[in-house]
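*Asks:* Dropping a structure here in structure tokens format, bear with me for questions.
The values are calculated or read from the model by the stated rules, or taken from the named source; none is laboratory data. Given the structure is predicted, the values throughout are model-derived calculations rather than measurements. Ideal geometry is used to build each Cβ from the backbone, glycine not excepted, and the neighbour counts take in all protein chains shown. To get the accessible areas, we keep the full protein, side chains included, count just its heavy atoms, and leave off ligands, DNA and RNA. Shrake-Rupley method; radii C 1.70, N 1.55, O 1.52, S 1.80 Å.
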Amino acid sequence: TEHFEAKPFLRLGKYFESLIHYAIEIDEKYDLILKNKPIYKGKITTGEIDLIIRKPDTQALEHWEIALKFYLQHGPNDANEMIGPGGNDTLASKLEKLESKQLPLGLHPSVIEEVGSTPTSKLFLKGIFFHHLDSTLQLDNANSKAETGWWINKAELVKLESLKVDKWSILQKSEWIGTSFSEETPEFDLSGLITHLTNSNELDNRGICIAGYKEESGRYIETTRGFVV
């Protein structure tokens with residue numbers, strides 16, 4: 001609570017980044033050396049270092065670029081067909097940017113001068129892959145432990161009947177991280193959810209993330225989640 005109470009509202013990526021900073025600060029396996037350091041060319045900011053940590057046992061320095069992304073699969077085994085919920089980016093374009101622009105920032109002279117040596121650059125990329133509800137994830141080089149969900153179009157809402165859950169809710173962006181649960185009854189049954197989304201304008205510009213819950217001992221535990229686009 002103390003870590004976040006002094007912070008303004010953070011968009012999801014920055015919120016996730018701040019969670020990682022907090023975890024590093026309390027983990028004895030790491031020392032937090034640098035975070036959110038801007039990189040300049042003259043007076044122009046050309047980039048920002050997300051995080052540099054030191055491992056006390058080896059004194060090794062590591063530069064981490066942190067990203068949280070969600071991608072919907074529209075075609076098998078093609079990172080260009082893994083598309084963000086808003087349709088604005090792909091897994092391929094994100095990886096290219098991270099590898100060509102962000103990771104090399106660890107070699108910038110101002111960074112090396114400040115931390116005392118050259119850190120090893122690593123990518124800390126987390127998130128969820130979503131496949132169509134009628135399919136499964138088809139990405140050969142995906143981590144076998146990767147978290148997955150599903151997606152459907154607005155016209156396919158009736159297909160949610162196949163998931164056999166008790167209640168539904170629409171997740172706010174801060175709830176996209178981690179499995180959700182509720183002591184209170186979630187807002188929608190299936191028919192109410194379908195009516196709400198059918199009549200809603202929320203889908204005009206972006207996908208909506210929804211979660212389905214099963215009741216267990218008076219609590220509602222998330223058992224499935226996906227995007228309606």
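*Asks:* Y15: under 28 Å from E175 (Cα atoms), in contact with a Pro (Cβ under 9 Å, 6 or more places away or on another chain) and open to solvent by 30 Å² or more (accessible area, probe 1.4 Å), yes or no?
*Replies:* no
*Asks:* Consider R219 carefully, then state whether it is open to solvent by 50 Å² or more (accessible area, probe 1.4 Å), closer than 22 Å to F129 by Cβ and charged (D, E, K, R).
*Replies:* No: the conditions fail for R219.
*Asks:* Ok, one more. Taking segment 158-192 as the region of interest, how many residues are in a helix (DSSP H, G or I) and under 24 Å from the mean Cα position of the chain (by Cα)? Full working, then the answer.
*Replies:* Narrowing segment 158-192 to residues in a helix (DSSP H, G or I): 158-163, 173-176, 190-192.
Going one step further and asking which of them are under 24 Å from the mean Cα position of the chain (by Cα), we end up with 160, 163, 173-176.
So the count comes out to 6.
*Asks:* List pairs: first residue in segment 182-198 and more than 18 Å from L163 (Cα to Cα), second residue open to solvent by less than 70 Å² (accessible area, probe 1.4 Å) and not basic (K, R) anywhere in the structure, Cβ distance under 6 angstrom, at least six positions apart or on different chains.
*Replies:* Every condition considered, the pairs that remain are S182/Y220.
*Asks:* Can you work out which of the residues in segment 1-29 that are modelled with pLDDT of 90 or more and not in a helix (DSSP H, G or I) is farthest from F124 (Cα to Cα)?
*Replies:* E28
*Asks:* Something else now. R54 fails exactly one of the following numbered conditions: (1) basic (K, R); (2) touching a strand residue (DSSP E or B) at 6+ places or on another chain (Cβ under 9 Å); (3) modelled with pLDDT under 95. What is the number of that condition?
*Replies:* (3)
*Asks:* Picking from F188, F181, which residue would you name as being hydrophobic (A, V, I, L, M, F, W, C) and over 21 Å from E156 (Cβ atoms)?
*Replies:* None of the other options fit; the residue is F181.
*Asks:* Within segment 162-177, track down each residue that is closer than 28 Å to G13 by Cβ and in contact with a strand residue (DSSP E or B) (Cβ under 9 Å, 6 or more places away or on another chain).
*Replies:* Within segment 162-177, W168, S169, I170, L171, Q172, K173, E175, W176, I177 meet the criteria.
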